[in-house]
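Please find one structure pasted underneath; my questions will follow.
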Amino acid sequence: MEVGLKPKQHVIPDYQGGWSVIRSGAARATKHFDSKTTAIEFARKICEKQASELVVHSTTGAVKTRTPHN
């Protein structure tokens with residue numbers, strides 16, 4: 001990651017079911033959720049505090065939306 005850039009928060013489907021919030025470059029998820037909506041709400045709060053980007057993935061893992069929080 002480049003110096004000065006804040007890590008992105010990704011909402012991704014979990015292989016065991018549900019959704020995970022994971023910071024870009026991290027080996028493990030920050031937190032796991034049963035619902036995608038709850039995972040997005042949690043990740044959005046982190047992004048607002050860190051002024052970083054929220055990246056939401058679809059069930060296939062493809063990037064669905066990107067929302068910067070500056």
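The values are calculated or read from the model by the stated rules, or taken from the named source; none is laboratory data. This one's a predicted model, so the numbers in the text were calculated from it and none came from an experiment. Every residue, glycine as well, gets a Cβ built from its backbone with ideal geometry; the counts of neighbours run over all protein chains shown. The area values use the complete protein model at the heavy-atom level, side chains included, leaving out ligands, DNA and RNA. Shrake-Rupley method; radii C 1.70, N 1.55, O 1.52, S 1.80 Å.
Spot the failing condition for Asp34; the list is (1) within 19 Å of Arg66 (Cα to Cα); (2) of a type outside the set (Gly, Ala, Ser); (3) open to solvent by 30 Å² or more (accessible area, probe 1.4 Å), and only one is missed.
Checking Asp34 against (1) within 19 Å of Arg66 (Cα to Cα); (2) of a type outside the set (Gly, Ala, Ser); (3) open to solvent by 30 Å² or more (accessible area, probe 1.4 Å), the one that fails is (1).
With the structure loaded, tell me whether Ala27 is more than 11 Å from the chain's Cα centre (by Cα), under 19 Å from Lys6 (Cα atoms) and without any contact (Cβ under 8 Å) to a residue 40 or more places away in the chain or whether it fails that test.
Yes; evaluated as a whole, the condition is true for this residue.
Conditions first: (1) open to solvent by 50 Å² or more (accessible area, probe 1.4 Å); (2) out of contact with any Asp or Glu (no Cβ under 9 Å at 6 or more places or on another chain). Pro68 passes all but one, so which condition is the exception?
(2)
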